[in-house]
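Comments concern the structure below.
FYI, it's all coordinate maths here, none of it is from the lab. On a predicted model such as this, the values are computed, not experimentally measured, just so you know. Methodologically, a virtual Cβ is constructed for each residue, glycine included, from the backbone with ideal geometry; neighbour enumeration extends over all protein chains shown.
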Amino acid sequence: TRSTRQYHENVVQHYEKPSNVGSFDKNDPNVGTGLVGAPACGDVMKLQIKVDDDGNITDACFKTFGCGSAIASSSVATDWVKGKSIDEAVTIKNKDIAKHLSLPPVKLHCSMLAEDAIKAAVKDIKLKRSNAE
Ligand code: FES
Ligand code: FES
């Protein structure tokens, strides 16, 4: 959507200087961790979100052991989830990330990794919170 594109318009930065590289303590009760792999190439992405009591994502980070497109996709994904609720975050589609980065079809699975990682991170925080109840 348009609003998600307002963060910054320089797609090249996602390759040359990816945002939000790092990690949070996965045992923090407010952190959701998604760890996913791409069957097509074996690349792995870890994406983490910090979630407040209202279910809003206040921060996000990633570590990606993979190709440049996967790293750029992680960078976009972590930028886009910040400020969203966890329910909004899971509606982010790999196609939108791929389009944003102008990925060629052969690199579509790299952006899929980001979509899957967001979903896995949200699933993790939901599970943590339901166990804590
Ligand atoms: Fe960074 Fe759009 S160029 S999210
Ligand atoms: Fe597999 Fe990019 S080549 S994640």
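Against the main long axis of the alpha-carbon atoms of the chain, helix 68-81 sits at an angle near 40°. How high is the FRET efficiency between Asn131 and Asp52 when r is their beta carbon distance and R₀ equals 22 Å, given to the nearest 0.05? Working from the Cβ atoms, E equals 0.75.
Rank by packing, highest mean first: peptides 66-74, 90-98, with packing defined as the count of other Cβ atoms within 10 Å averaged across residues. Intermediate results must be reported in sequence, preceding the final value.
Numbers: 66-74: 23.6, 90-98: 17.9.
Per-residue mean Cβ counts within 10 Å order the peptides as 66-74, 90-98.
When the P(r) of the stretch 11-132 is calculated, the portion above 21 Å amounts to 29% of the C-alpha pairs. Ranked by the mean number of other Cβ atoms within 10 Å of their residues, highest first, the peptides 18-31, 52-65 fall in the order 52-65, 18-31.
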